[in-house]
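Reading through the structure tokens given below for one structure.
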Amino acid sequence: MNAAPEQTALDAYRAELLLLTEAMSVTADDAPRADVDSQLQLDAFARENFDKRIDKVKAQIEFIQEAFDDLPELLRVFSLEHPMALYDRQNSDGAAFLDWLTDRHQLTGAQTDSVTVARSRIRIEEIAAVERAEHVRFQELSSGAEELLPELETNIDLQLHLNPIRVRARLLTDTFLEGEKPPVDVVFYARDEDVRTAVLGATGLELLEELARFAPCTFGVWVLLSDVAEREELVRFAQQLVELGLVALE
């Protein structure tokens with residue numbers, strides 16, 4: 001049985017609409033051929049979107065720009081090989097480019113570190129977007145945390161809140177380190193509107209992971225449950241975390 005004329009026309013319209021949608025997505029230098037009044041305008045729109053996509057990715061990965069002399073060409077090739085999914089306007093493009101870069105190219109240690117920094121910063125932004133309420137709440141508590149610092153030594157009922165927006169990563173060279181011998185595990189975290197980096201050492205990282213299992217908790221509970229350090233060391237470390245912006249007090 002032949003399809004009804006109305007259904008045939010509807011199918012044709014849907015196919016043309018899909019082609020137009022593809023043409024307006026960030027795909028390649030020229031738009032796919034479509035039956036429109038001005039293919040020239042559609043091509044110009046596609047090229048503009050293509051350039052905007054590259055600019056957006058470049059902004060997300062600013063920390064690798066000095067490590068790659070051929071970055072503009074790498075971005076162009078990536079954008080041509082990996083068309084953006086229809087309707088996708090999220091921040092996944094930067095992370096996808098970094099994955100493509102590490103899969104397709106043999107990177108030096110310094111280049112690997114630059115990619116690690118860029119990827120960590122993107123991840124921080126992703127976590128902050130998902131946990132927006134927790135981020136805002138921590139920043140509010142953190143603004144008054146230093147006033148409570150003197151009480152750490154005597155007040156076991158102080159509540160410890162760990163910064164929820166943090167990522168741990170390893171740096172292989174001294175490109176982004178000052179006075180540390182690589183390789184070094186570091187913590188990237190959000191503070192105010194910026195992304196900071198903390199080098200805590202092996203014991204510090206162990207204590208941070210331990211606190212993450214308990215927090216939010218009172219300082220007394222951490223002292224009671226800690227398998228890593230005694231009270232005096234926990235006081236000093238908690239003070240350091242507050243000053244860095246990794247812990248807030250209440």
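The values are calculated or read from the model by the stated rules, or taken from the named source; none is laboratory data. Owing to the predicted nature of the structure, the values given are computational and were not obtained by experimental measurement. In this analysis, Cβ positions are derived from the backbone assuming ideal geometry, glycine residues included, and neighbour counts consider all displayed protein chains. Protein only, heavy atoms only, side chains kept; ligands, DNA and RNA dropped before computing areas. Shrake-Rupley method; radii C 1.70, N 1.55, O 1.52, S 1.80 Å.
Annotations
- Using Cβ point charges alone (K and R +1, D and E -1), the dipole size of the stretch 132-249 about the Cα centre works out to roughly 440 debye.
- For R191, the amide hydrogen comes within under 5 Å of the amide hydrogens of R196, counting only partners 5 or more places away or on other chains and with H modelled in the peptide plane.
- Protein heavy-atom surface of the stretch 161-250, 1.4 angstrom probe: 45% of the accessible area is carbon and sulfur, with nucleic acids and ligands not counted.
- When the convex hull of its Cα atoms is projected in every direction, mean area for the stretch 51-144 (nm²): 7.6 nm²
- Distant-in-sequence amide H partners of L160 (H built 1.01 Å from N, under 5 Å): C217, T218, F219
- Extending 7 Å from Cα along the Cβ direction at E153 and again at R76 yields two label points whose distance is 6.3 nm.
- Subtracting the Cα-Cα distance of R132 and L224 from their residue separation scaled by 0.36 nm leaves 30.0 nm.
- Accessible surface of R76 - all protein chains present, 1.4 Å probe, nearest 10 Å²: 90 Å²
- For the stretch 152-165, 3J(HN,Hα) computed residue by residue from phi via the Karplus equation (6.51, -1.76, 1.60; θ = phi - 60°) reads 4, 6, 10, 9, 6, 8, 4, 8, 9, 10, 8, 4, x, 9 Hz, glycine and proline entered as x.
- Stretching the chain fully between K52 and S143 yields a gain of 29.0 nm (0.36 nm per residue, less the alpha carbon separation).
- With 10 Å bins beginning at zero, the pair-distance distribution over Cα atoms of the stretch 132-249 amounts to 13, 45, 33, 9, 0 %.
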